[in-house]
Amino acid sequence: MGTRALDRRSAMMIAAAGLLLPCSSLARASESIPERGLRFGLTPVFLTSDLELLGRLQAYLQHAIGVPVSLITRRTYQEITALLVSRQLDAAWICGYPFVTHRRDLQLVAVPVWRGRPLYQSYLIVDRDRHAEGLMDLRGDIHAFSDPDSNSGFLVTRAALAEHGLRPDAFFSRTFYTYGHRNVIRAVASGLAASGSVDGYVYGVVGELEPHLTAPTRVLHASELLGFPPIAAPRIPVDAGQLVALTDALLRMGDDPEGRAALHMLRLDGFTSEDASLFDPIAAKAALVAASG
Amino acid sequence: MRLDPRTWPIAAKVPLAVAVLMMLVGVVLSERVLARLNETQEMHVRDLAQSYLDILSTSITQPILREDTWEVFEAITRAQDLSKGLRITEAIVTNATGHVIAASNPRQHPIGSIVAVPDGGSPGSQPFRFEAGADIANATRVLAYPGRTVGVIHAAFDTSHLAVERREVLMTLIVTNGAVTLILAAAGWLLVTRMMAPIRVLSKHLGAAQEGYATPVPEPRIARSGDEFRHLFGSYNALVRSMHEREDLARKLFDEQRLGSLGRLASALAHEINNPLGGLFNAMATLKTHGHHAAVRNNALGLLERGLVGIRDVVRTTLAVHRQETAGRSISAKDIADLRLLIVAEARRKSVTVTISNAMHGDLPLPSTPIRQALLNLLLNAVAAAPPGSEVKLDAVRDGDVLVLAVADRGGGIPEGTVGILTGNDTSPPLRTGGGLGLWTTRRIVNELHGRIEVSLPSQGGTVIRIAIPIERPIEELPHVA
């Protein structure tokens, strides 16, 4: 599909977009086994060629914290979440949905700032020429979700259906997971799926870097603003000193040239400290879904 | 050129045959080349298709089991990128029941739609359909895991570039074969024309020979020919020489016949003169001995006078013949009457009466000498054939523009072969028949006067030979008979 047309720079940008959204899995994981130091978990978002972004991020963190940093990636977000909750990682970039699900076991480290706010939206996308007004017009569709642990790529749509007392498998004729927001866009663009649930931040970045991918699609509905996928750590830190250093490094990332370069590749403004209540709307959706069965 | 090929000239037939043979060879060769090309193309496409299906089936078997639509779709996309040599137009993956899991073109084959499993869709089977010259090849792979059908891959490949290649090869073959055929046909035409040149020379000479002017093939022309035709020309020239010799012989025979006639005329003249000579000498002896007797003298003088008158008549006739020979270019009644003098001696010897009834008036613009010779020959023949005491009749009559001369005898009838000599068109000398030289001469004379000879055998017996000679026509030189 579109990957062939991607140059290296574009690929990195996509990877960068995915890096900040642990709920998505844009590509296969690259893995490094740490001996000691800080273990930082990332959802498997990197293309094999995006080592430059990984390298910059790793170099910046090592420089800022002063200890060796290992970047840990896995195929699905579920695996990263499991590693984090079981304290095998010092910290990880995860999605708001698993954060609220594992609220008791996790603490908030930092939240990315995108377009000046630590917020983003979930998009419901359809074919550009399709006549539809809202979610309710999509009954009987083949629908593409990103990941069952994704807020924007699953939970938002799932919760919207639950508000009408509906379940995805009853409402849609068929659903499937692409394990990546970019793949959701590809699925809708190719016609494999008639509609899809996708991260608004990723959709915007892909639209900027690979307009041919988003061109055959349009945003049917944008959700309310929700908390941007955060960086979380186990409630009981693996190494409290390192965690403080990491938090400091993230919050001051914009002050460092290496950090700015990484932020630019990610199209982010920086990181900020936020109260966990930022994710209450997501928690409410999760509760609604849980209640609907 | 007529439609029947047997009537076509060989110079056309050979190039045509070459062209037809070349076309045949061209068709057979082209068919073989195209068949080989098809095999190669099919093998090429089949190998590529199999490797593509191998790649695809390896990566999708597990996702099919999980009904993982996106993984299958990704695998289809990746395999399409990997198999650059193959122009994949369509790839559809279904589960065991034929429901689409993912397709390269999802809008045409949405997830869940049914695609029929082709015939023979047993586990592990690999049907492949490629038709030479078609734009699309199809391949199907039934996936088994393990031993149980889990899904089917349907793939279609764009083979239009192969069809184009095939058309180009075909065009090249047609153009090349066409050019070679034309060149060979032209070469065949040239070759045959060259080879046939001596035959045409021979044919021309033979045609001329049929019209009576057989000429030998010129020596330089013979020298230019190959051994075979040199031999043929040599044989032909030998034949022409032989013909000329025979014609010379015939002319000599003709002349000799004429001399023979003159000899017979001279003999008749001598006879006519000799007959009264005995009486004259007797009368002279009587005068010498008994000249003083008036009665005897008068009687002897009378005898002398009659004898001399007879001799004078003979001499006159001879002079007349001589005059006609030199000056006469027209025939008169007297010419016909003179014939009696020429035949009378022979008639008397055979005791045959010759009756000449002449209904001609005035001169006719016909040469007298050849006609008289022809008539004399016929009369001599008739007298020879007539039994003693019978009558031989000559009728000469002008019938409009035709002089009709008829000689009738009461003999045993003219033999069939002899009639042939008189009326046939064969101009060859009458050597095979032995006698008949006079009749042959007669026929030749009449032919040259553009006349006709009819022979009839009347029921009362004998033979009637009728000569009809047209009168009103320019008199031609008749050097052979004059």
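Tabulated results
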{"read-out": "One residue from B:Ala295, B:Ala285, B:Ala300 being buried (at least 19 other Cβ atoms within 10 Å of the Cβ), in the same structural domain as B:Ala270 (by TED's automatic domain parsing) and at pLDDT 75 or above", "value": "B:Ala300"}
{"read-out": "Odd one out for B:Ala208 among (1) over 21 Å from B:Ile10 (Cα atoms); (2) crowded, with 17+ Cβ neighbours inside 10 Å", "value": "(2)"}
{"read-out": "Among (1) within 14 Å of chain A (Cβ to nearest Cβ); (2) among the hydroxyl-bearing types (Ser, Thr, Tyr); (3) open to solvent by 30 Å² or more (accessible area, probe 1.4 Å); (4) over 30 Å from B:Val164 (Cα atoms), the one test that B:Thr69 misses", "value": "(3)"}
{"read-out": "Members of the range A:162-175 that are part of a loop (DSSP other than H, G, I, E, B) and within 12 Å of chain B (Cβ to nearest Cβ)", "value": "A:Phe172, A:Ser173"}
{"read-out": "Top-ranked residue in the range A:177-193 [being in contact with an Asp or Glu (Cβ under 9 Å, 6 or more places away or on another chain) and surrounded by fewer than 24 Cβ atoms within 10 Å (Cβ to Cβ); ranked as farthest from the other protein chains (Cβ to nearest Cβ)]", "value": "A:Ala189"}
{"read-out": "Hits in the range A:156-174 (condition: in contact with a strand residue (DSSP E or B) (Cβ under 7 Å, 6 or more places away or on another chain) and either open to solvent by 50 Å² or more (accessible area, probe 1.4 Å) or not assigned by TED's automatic domain parsing to the domain that holds A:Leu213 (or both))", "value": "A:Asp169, A:Ser173, A:Arg174"}
{"read-out": "Residues (buried (at least 23 other Cβ atoms within 10 Å of the Cβ) and either assigned to a helix (DSSP H, G or I) or basic (Lys, Arg) (or both)) located in the range B:442-464", "value": "B:Thr442, B:Arg443, B:Ile445"}
{"read-out": "A:Ala159 being more than 14 Å from chain B (Cβ to nearest Cβ) and of a type in the set (A, V, I, L, M, F, W, C)", "value": "yes"}
{"read-out": "Options B:Leu339, B:Leu366, B:Leu378: the member that is in a loop (DSSP other than H, G, I, E, B) and open to solvent by less than 10 Å² (accessible area, probe 1.4 Å)", "value": "B:Leu366"}
{"read-out": "Any pair with Cβ under 8 angstrom, 6 or more apart, that starts in the range A:237-251 at a residue that is assigned by TED's automatic domain parsing to the domain that holds A:Gln58 and ends at one that is of a type in the set (Phe, Trp, Tyr) and buried (at least 20 other Cβ atoms within 10 Å of the Cβ)", "value": "A:Leu246/A:Phe40; A:Ala249/A:Tyr60; A:Leu250/A:Phe271; A:Leu251/A:Phe271"}
{"read-out": "Given (1) in a helix (DSSP H, G or I); (2) open to solvent by 20 Å² or more (accessible area, probe 1.4 Å); (3) within 14 Å of chain B (Cβ to nearest Cβ), number of the condition A:Arg130 does not satisfy", "value": "(1)"}
{"read-out": "Check on B:Ser83, among the small types (Gly, Ala, Ser), crowded, with 18+ Cβ neighbours inside 10 Å and farther than 30 Å from B:Ala185 by Cβ", "value": "yes"}
{"read-out": "Filter result for the condition that a residue is closer than 27 Å to A:Ala189 by Cβ, crowded, with 18+ Cβ neighbours inside 10 Å and at pLDDT 90 or above, over B:Ile88, B:Ile101", "value": "B:Ile101"}
{"read-out": "Residue within the range B:13-29 that is in contact with a Pro (Cβ under 9 Å, 6 or more places away or on another chain), open to solvent by 20 Å² or more (accessible area, probe 1.4 Å), modelled with pLDDT under 85 and in a helix (DSSP H, G or I) present", "value": "yes"}
{"read-out": "Single match in B:Arg148, B:Arg129, B:Arg141, B:Arg166 (criterion: buried (at least 16 other Cβ atoms within 10 Å of the Cβ), farther than 30 Å from B:Leu21 by Cα and basic (Lys, Arg))", "value": "B:Arg141"}
{"read-out": "Filter result for B:Glu74 (within 14 Å of chain A (Cβ to nearest Cβ), among the charged types (D, E, K, R), in contact (Cβ under 8 Å) with a residue 24 or more places away in the chain and open to solvent by 10 Å² or more (accessible area, probe 1.4 Å))", "value": "no"}
{"read-out": "Contacts under 6 angstrom Cβ, first residue in the range A:95-113 being acidic (Asp, Glu), partner surrounded by fewer than 24 Cβ atoms within 10 Å (Cβ to Cβ), 6 or more apart", "value": "A:Asp105/A:Val85; A:Asp105/A:Arg235"}
{"read-out": "Scope the range A:133-149; condition closer than 23 Å to A:Leu225 by Cα, within 14 Å of chain B (Cβ to nearest Cβ), open to solvent by less than 30 Å² (accessible area, probe 1.4 Å) and not aliphatic (A, V, I, L, M); matching residues", "value": "A:His143, A:Phe145, A:Ser146, A:Asp147"}
{"read-out": "The range B:77-114: number of residues that are closer than 26 Å to B:Met43 by Cα and either of a type in the set (Asp, Glu) or facing another protein chain (nearest Cβ under 10 Å) (or both)", "value": "7"}
{"read-out": "Helices (runs of 4 or more DSSP H) wholly inside the range A:176-268 containing at least 3 residues that are more than 30 Å from B:Thr77 (Cα to Cα)", "value": "A:240-251, A:257-266"}
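The values are calculated or read from the model by the stated rules, or taken from the named source; none is laboratory data. Please read all numbers here as calculations on a predicted model, not as lab measurements. Positions of Cβ are generated from backbone atoms using ideal geometry, with glycine treated the same way; all protein chains shown enter the neighbour counts. With ligands, DNA and RNA removed, areas are computed over all heavy atoms of the protein, side chains included. Shrake-Rupley method; radii C 1.70, N 1.55, O 1.52, S 1.80 Å.
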